[in-house]
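Asks: The structure follows.
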Amino acid sequence: MKHNRLHNGIYGVLGSDIGYSLSPMIFRRVFDRLGWRAVYAQFDLPARRLKPFVRAAADAGIVGFNVTKPYKQSIVACCDHLDESAALVGAVNTVTVERGRITGFNTDVDGIIASLMPHRRILRNQEAVIIGAGGAARAVAWVLADRFEMRQLTVVARRPARARQLLHDIGFGATTDFAGAVITWGRAELRDAVENAALMVNATPLGSVLTRRASPLPAGVALPSRAVVFDLVYTPHPTPLQRRARQARCRAVIDGWPMLIAQADASFALWTGRRFPADVRRDLLARRGIRP
């Protein structure tokens, strides 16, 4: 019965205004390769329908689903249980539905680690600038503090209180000490922070298909060539930030595509107990010229 439930089940991604998402394409490739009749849908819902959707998920035949903007934090309250990954980060991007029990996980952590691992040595004990204070930014901050042992995290946000809460929560859960700072989008503050950063992360949708011409960095803020630039946006490619980083000859420019693949693979393992077929993963990464 469980075998049929997985092979014929309903999966999907939950968010708002997510018509751009490539997650359905990724999972359909996987299901086709495995010969499964499973479905991966887009659950594009307003906030008022979040709780009713989660309550009805089991009866609707949903095996599991991913969570994207803007619900990675608000869905925490809808879960019956949080895995350690989600509890430490304070955000959920993957949900399993097992015998009516809703469990939240955070596989963004897997995707961030996979994307930044080649640069782990040079990032240790360095400074990072994280633009954004939402669910994705929380996962980034936790990885940088706990796994990469970066000594300072500067969070750039329009709502400073939200950024301060992020740093407080991450500091409580991280096993290493780090210094935290909060700044707004003021050009002078941002210029100084970016100038000293070994890593600059865009954890906002700025530059995505929703805001194609927007950049998280205002004009006049230069990217240092020593910096690694990690833009979580994966479409379009390249974004304005990625173009600026290449023009500045930054040490590395990473977009959100490898992170998307890695977190999707980790989600699939939570739902089914197995990983993506190696050839599918290889082909998906090759779309951006990435070698696994």
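The values are calculated or read from the model by the stated rules, or taken from the named source; none is laboratory data. All figures in this text were calculated on a predicted structure; none of them were measured in a lab. Don't worry about glycine lacking a Cβ; one is built from the backbone with ideal geometry, like all the others, and counts go over all protein chains shown.
Every residue, every condition in (1) modelled with pLDDT of 95 or more; (2) over 15 Å from the mean Cα position of the chain (by Cα), yes or no:
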| site | (1), (2) |
| --- | --- |
| 99 | no, yes |
| 107 | yes, no |
| 112 | yes, no |
| 119 | yes, yes |
| 130 | yes, no |
| 135 | yes, no |
| 152 | yes, yes |
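Asks: Further question on the same structure: Return yes when residue 270 is at negative phi, out of contact with any helix residue (DSSP H, G or I) (no Cβ under 9 Å at 6 or more places or on another chain) and not assigned by TED's automatic domain parsing to the domain that holds residue 137 and no when it is not.
Replies: Criteria met by residue 270.
Asks: Just one of 267, 215 is in contact with a Pro (Cβ under 6 Å, 6 or more places away or on another chain) and either more than 17 Å from residue 127 (Cβ to Cβ) or in contact (Cβ under 8 Å) with a residue 40 or more places away in the chain (or both); which is it?
Replies: That would be 215, the only listed residue that is in contact with a Pro (Cβ under 6 Å, 6 or more places away or on another chain) and either more than 17 Å from residue 127 (Cβ to Cβ) or in contact (Cβ under 8 Å) with a residue 40 or more places away in the chain (or both).
Asks: Can you list residue pairs whose Cβ atoms sit under 7 Å apart, with the first residue in segment 93-122 being among the acidic types (Asp, Glu) and the second being surrounded by fewer than 18 Cβ atoms within 10 Å (Cβ to Cβ) and at pLDDT below 95? Count only pairs 6 or more apart in sequence or on different chains.
Replies: none
Asks: Moving on. Here are 220, 207: which of them is in a loop (DSSP other than H, G, I, E, B), surrounded by fewer than 18 Cβ atoms within 10 Å (Cβ to Cβ) and modelled with pLDDT under 95?
Replies: Of the residues listed, the single one that is in a loop (DSSP other than H, G, I, E, B), surrounded by fewer than 18 Cβ atoms within 10 Å (Cβ to Cβ) and modelled with pLDDT under 95 is 220.
Asks: Of everything in segment 233-259 that's in a helix (DSSP H, G or I) and over 16 Å from the mean Cα position of the chain (by Cα), which residue is surrounded by the most Cβ atoms within 10 Å (Cβ to Cβ)?
Replies: 245
Asks: Being in contact with a helix residue (DSSP H, G or I) (Cβ under 7 Å, 6 or more places away or on another chain) and among the small types (Gly, Ala, Ser) is the filter; apply it to segment 135-167 and report the residue that is nearest to residue 66 (Cα to Cα).
Replies: It comes out as 136.
Asks: If residue 187 satisfies every condition in (1) crowded, with 17+ Cβ neighbours inside 10 Å; (2) farther than 30 Å from residue 11 by Cβ but one, which is the exception?
Replies: Going through the list (1) crowded, with 17+ Cβ neighbours inside 10 Å; (2) farther than 30 Å from residue 11 by Cβ, residue 187 breaks only (1).
Asks: Of the conditions (1) surrounded by fewer than 16 Cβ atoms within 10 Å (Cβ to Cβ); (2) within 22 Å of residue 107 (Cβ to Cβ); (3) in contact (Cβ under 8 Å) with a residue 24 or more places away in the chain, residue 30 satisfies every one except a single condition; which number is it?
Replies: So the condition that residue 30 fails would be (1).
Asks: Read through the list (1) buried (at least 19 other Cβ atoms within 10 Å of the Cβ); (2) part of a loop (DSSP other than H, G, I, E, B), then give the number of the only condition that residue 230 fails.
Replies: Unmet for residue 230, out of (1) buried (at least 19 other Cβ atoms within 10 Å of the Cβ); (2) part of a loop (DSSP other than H, G, I, E, B): (2).
Asks: Moving to a separate point now. Taking the options 194, 201, name whichever one is part of a strand (DSSP E or B) and either surrounded by 15 or more Cβ atoms within 10 Å (Cβ to Cβ) or in the same structural domain as residue 114 (by TED's automatic domain parsing) (or both).
Replies: From the options 194, 201, the qualifying one is 201.
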